[in-house]
Each structure stands twice: as C-alpha cells, then as structure tokens.
1. Can you tell me which residue among Tyr398, Tyr332 is surrounded by 22 or more Cβ atoms within 10 Å (Cβ to Cβ) and either out of contact with any Lys or Arg (no Cβ under 6 Å at 6 or more places or on another chain) or among the hydrophobic types (A, V, I, L, M, F, W, C) (or both)?
2. Run down Arg219, Arg170 and say which single residue is charged (D, E, K, R), under 30 Å from Tyr65 (Cβ atoms) and either buried (at least 18 other Cβ atoms within 10 Å of the Cβ) or more than 14 Å from the ligand (Cβ to nearest atom) (or both).
3. Tell me, yes or no, whether the range 198-211 has at least one residue that is surrounded by fewer than 20 Cβ atoms within 10 Å (Cβ to Cβ), at positive phi and small (Gly, Ala, Ser).
4. For Ala175, only one of the following conditions fails: (1) within 16 Å of the ligand (Cβ to nearest atom); (2) in contact with an Asp or Glu (Cβ under 8 Å, 6 or more places away or on another chain); (3) in a loop (DSSP other than H, G, I, E, B); (4) of a type outside the set (Lys, Arg). What is its number?
5. Based on this model, can you work out whether Gly195 counts as touching a Ser or Thr at 6+ places or on another chain (Cβ under 8 Å), assigned to a loop (DSSP other than H, G, I, E, B) and not polar (S, T, N, Q)?
6. Considering only residues that are out of contact with any Leu (no Cβ under 9 Å at 6 or more places or on another chain) and of a type in the set (A, V, I, L, M, F, W, C), look in the range 1-31 and name the one that is surrounded by the fewest Cβ atoms within 10 Å (Cβ to Cβ).
7. Give the residue, chosen from Leu355, Leu322, Leu344, that is surrounded by fewer than 24 Cβ atoms within 10 Å (Cβ to Cβ), touching a residue at least 40 places away in the same chain (Cβ under 8 Å) and of a type outside the set (Gly, Ala, Ser).
8. When the residues of the range 301-322 are narrowed to those that are within 11 Å of the ligand (Cβ to nearest atom) and in contact with a Leu (Cβ under 6 Å, 6 or more places away or on another chain), which ends up nearest to Gly239 (Cα to Cα)?
Amino acid sequence: MVEKTKLPDDLGHFGPYGGRYVPETLMHPLQELEAQYFAAQGNAEFQKELSYYLREFCGRPTPLYYAERLTRHLGGAKIYLKREDLLHTGAHKINNALGQVLLAKRMGKTRIIAETGAGQHGVATATVSAMFGLKCIIYMGELDCQRQELNVYRMKMLGAEVVPVKAGQRTLKEAINEAMRDWVTNVRHTHYVLGTVYGAHPYPLMVRNFQRIIGDEARAQILEKEKRLPDLLVACVGGGSNAMGLFYPFLEDASVRMLGVEAGGLGILPNQHAARFQGGSPGVLQGTRSFVLQDGEGQVLLTHSVSAGLDYAAVGPEHAWLRDQKRVEYSYAMDTPALQAFQLLARCEGIIPALESSHALAAVMEKAPLLPADTLIIVNLSGRGDKDVAQAAKYLGY
Ligand SMILES: *Cc1c(COP(=O)(O)O)cnc(C)c1O
C-alpha cells in the first residue's frame with residue numbers, strides 16, 4: 001500500500017491524477033517555483049518568518065471549540081469546530097496566501113496576481129500584498145464581481161487592482177484563465193497565487209502544505225482535550241484546500257474517518273450542482289487531471305451552488321486519488337440543507353458560518369444524531385458568514 005502522505009510523486013502525480021498540463025511557456029516557471037518552494041520549505045528562516053506572521057498577523061492558532069449546544073441539540077456525537085472563521089479576513093484562505101506571498105518575496109518577485117471566485121482568496125491575497133507593500137492584481141469574473149460587491153470594495157481598499165473578466169460564464173474558471181495568461185506574459189517579476197489545491201504541479205502540493213497547519217493544530221488540540229484521536233473529520237470541498245488542510249495530518253491514522261462534502265446545489269442533474277464526484281468523470285482542466293463535470297465531448301458543464309466558493313467544475317487531484325483509495329468518503333449537501341445548517345449554527349452557537357462551511361455542517365446535522373455520544377467529530381469551520389448574510393436573508397425569506 002502506498003503511504004498516503006508520500007504523494008505526489010516527483011512529477012506531481014497522485015496515482016492517475018495531478019501532473020502538469022500546461023503550455024510549454026509555463027513549464028520552466030513551474031519548475032522554478034517547485035525548486036524554490038522546496039528550498040523555502042526546508043529553510044529554517046523561511047519557516048520562522050511564516051510562523052511569525054501566521055501568529056501575529058493572521059491570529060493562529062485558531063481554537064478547537066466544543067460546540068456543546070449543537071451537540072446537545074443534535075443528540076449524538078460530540079462535535080468540535082475548528083475555528084478558521086476567526087482568522088484575519090475571515091477564512092482559511094490567508095494561510096495559503098501568506099505562505100505564497102512570502103515565497104514570492106523570497107524569489108524576488110514584485111508583482112502578485114491571483115484569481116478569485118467569491119472574493120475570499122482575492123481579499124486574503126490583497127491583504128497580505130498590502131502588508132508587504134507588493135503590487136497586487138486580482139482577476140474576478142464579471143458576474144462574481146456583481147454577486148460579491150463587498151469583497152470587490154475590500155480588495156480595492158487594500159490597494160489591489162480588480163480586473164473583471166468578461167469571457168464565457170464570467171465566473172471563476174474564466175478568472176483562472178486570465179490569471180494564467182497574465183502569468184505567462186509577466187512571469188519574470190510576477191508570482192501567481194493560486195487559491196486552492198488545484199492547477200499544475202507544484203500548486204496542489206504547495207497549497208496543501210500551507211494549509212496543513214489546520215490539521216496539525218487540530219490534532220494536537222484534540223489530543224490535549226480528549227486524550228485521543230477524533231473518529232470523524234468533516235470539511236466542505238470546493239477546490240479542496242480547507243479539507244486537505246484538515247485531513248492530511250490524519251491520513252495515516254486508520255481509525256480516523258473523513259468526509260468531504262461537495263455542493264449538491266439544486267440536485268444532482270446536469271448544470272444544477274457542483275458535486276464532481278456525483279456527476280463528474282476524469283478529465284484535464286486548467287493544468288491538472290482530476291474529476292471534472294463535463295459532457296460526453298469533454299466540454300465543461302455549468303455549475304450551481306448557493307455558495308460561490310464551492311461553485312467550480314473540478315476538484316483537486318489529491319481528493320480524486322483519496323476517493324479512489326477509499327480513504328476519504330465524499331458526499332454532498334444541497335442548497336436548502338446548507339442554509340438550514342447556516343441558520344442552526346447561528347441560533348444554537350452564536351456563530352454565523354460561511355455558506356461553504358455550512359455544507360460541512362449540513363452533513364454533520366445528518367450524521368451526528370445517528371452516532372453514539374462517545375464519537376468525536378471535528379468539523380472545519382472554514383470561514384465566517386458575514387459575506388453571505390444578505391444572500392442568506394433573501395433565501396431564508398427575511
Ligand atoms: C474558498 C472557500 C472554500 C472553498 O475552497 P477550498 O479550497 O475547497 O477550501 C470553503 N470555505 C470558505 C470559507 C472559502 O472561502
């Protein structure tokens with residue numbers, strides 16, 4: 001059996017997934033990035049600087065909070081929340097944005113670019129760029145700019161230039177295309193901060209490693225609080241970075257089960273959801289081979305989710321591999337249960353979760369009541385819901 005923490009291989013493969021499917025002009029920059037990343041990863045000074053800013057600027061470690069009232073309300077397993085929502089800028093995205101911008105600085109890059117969907121990754125990248133005085137350009141689909149106006153203003157306030165992308169569906173996929181085009185053209189002084197465990201090697205590996213702090217902390221915290229490992233980890237899966245971050249440090253612990261929750265949208269019908277493991281199949285999209293929602297001709301399908309951060313047609317390659325290995329189980333939550341979970345956590349615990357995280361909570365609402373009281377669940381609360389309040393109010397009929 002392959003040790004699950006030993007992948008990807010040298011070419012970025014997770015079994016049949018991953019790799020580097022890019023135009024030739026990007027091969028050299030990706031190899032350069034890979035070499036520089038490994039050098040930084042092994043460099044004590046870099047690690048010290050990263051830890052310093054994670055603690056002093058981002059607010060790590062985040063608490064592992066016992067959700068006592070939610071546990072009582074659901075009447076089963078004991079539920080802990082990993083509070084990534086308490087981080088600066090309100091989601092786990094800043095763990096990765098900080099790591100990559102520090103790396104870019106080390107590489108002597110002066111210009112930072114990123115794509116963003118809901119805007120959380122754009123805000124995190126603009127924030128860290130402002131803190132280090134670097135020029136920052138964020139590509140965002142024109143439709144997403146309209147849907148997430150607040151985050152557009154936040155990025156502009158932080159000094160970033162926001163470029164609305166008018167092509168295609170005018171959402172995340174097109175924003176990634178534009179960012180890649182910019183990177184090819186300006187690679188000498190520009191670093192592309194990709195926001196999740198996706199894209200060409202080394203991004204899935206690098207982003208996972210910047211996010212594994214979530215699982216490393218959670219592991220130490222649960223051992224301290226409960227003197228044992230958890231039974232079940234639950235996280236929502238967009239590209240898959242908050243889930244990989246939580247799962248990775250537990251992958252070799254056979255007793256720890258893991259559940260990734262995708263966006264079931266309006267139901268598992270073409271164009272109505274973003275659950276790649278329900279209607280998807282293996283394919284190549286934006287630099288990597290993974291599970292993609294596509295038609296018989298390989299044309300990428302439209303997606304839908306109430307949560308913009310989960311609304312993407314492909315999933316990180318490591319997740320596809322972990323699913324094949326049956327190490328992680330994947331389910332989905334539809335819009336309505338996710339909104340109910342959003343409401344429940346707010347009322348029950350005084351915490352307004354991100355709509356993305358609400359998908360993980362919806363799965364917990366379903367599972368926890370069926371499990372014995374001595375079962376320990378850790379849910380990744382990947383972000384806070386301030387950005388989603390207006391949208392949720394509309395759906396919930398306020
Ligand atoms: C972006 C985002 C996600 C989805 O991205 P992953 O890479 O799957 O983690 C989930 N939750 C929040 C709060 C986000 O901002």
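1. After ruling out the rest, the residue left standing is Tyr332.
2. Sole residue among the options that is charged (D, E, K, R), under 30 Å from Tyr65 (Cβ atoms) and either buried (at least 18 other Cβ atoms within 10 Å of the Cβ) or more than 14 Å from the ligand (Cβ to nearest atom) (or both): Arg219.
3. No, there is no match, as no residue in the range 198-211 is surrounded by fewer than 20 Cβ atoms within 10 Å (Cβ to Cβ), at positive phi and small (Gly, Ala, Ser).
4. In the conditions (1) within 16 Å of the ligand (Cβ to nearest atom); (2) in contact with an Asp or Glu (Cβ under 8 Å, 6 or more places away or on another chain); (3) in a loop (DSSP other than H, G, I, E, B); (4) of a type outside the set (Lys, Arg), Ala175 misses (3) alone.
5. So Gly195 fits the description; yes.
6. Met1
7. It is Leu344.
8. So the residue we want is Tyr312.
Taken together, the values in this text are just the output of simple stated rules run on the coordinates, not laboratory data. Every value quoted in this text rests on a predicted model; they were computed, and no experiment measured them. Note that each Cβ is placed from the backbone with ideal geometry, even for glycine, and that neighbours are counted across all protein chains shown.
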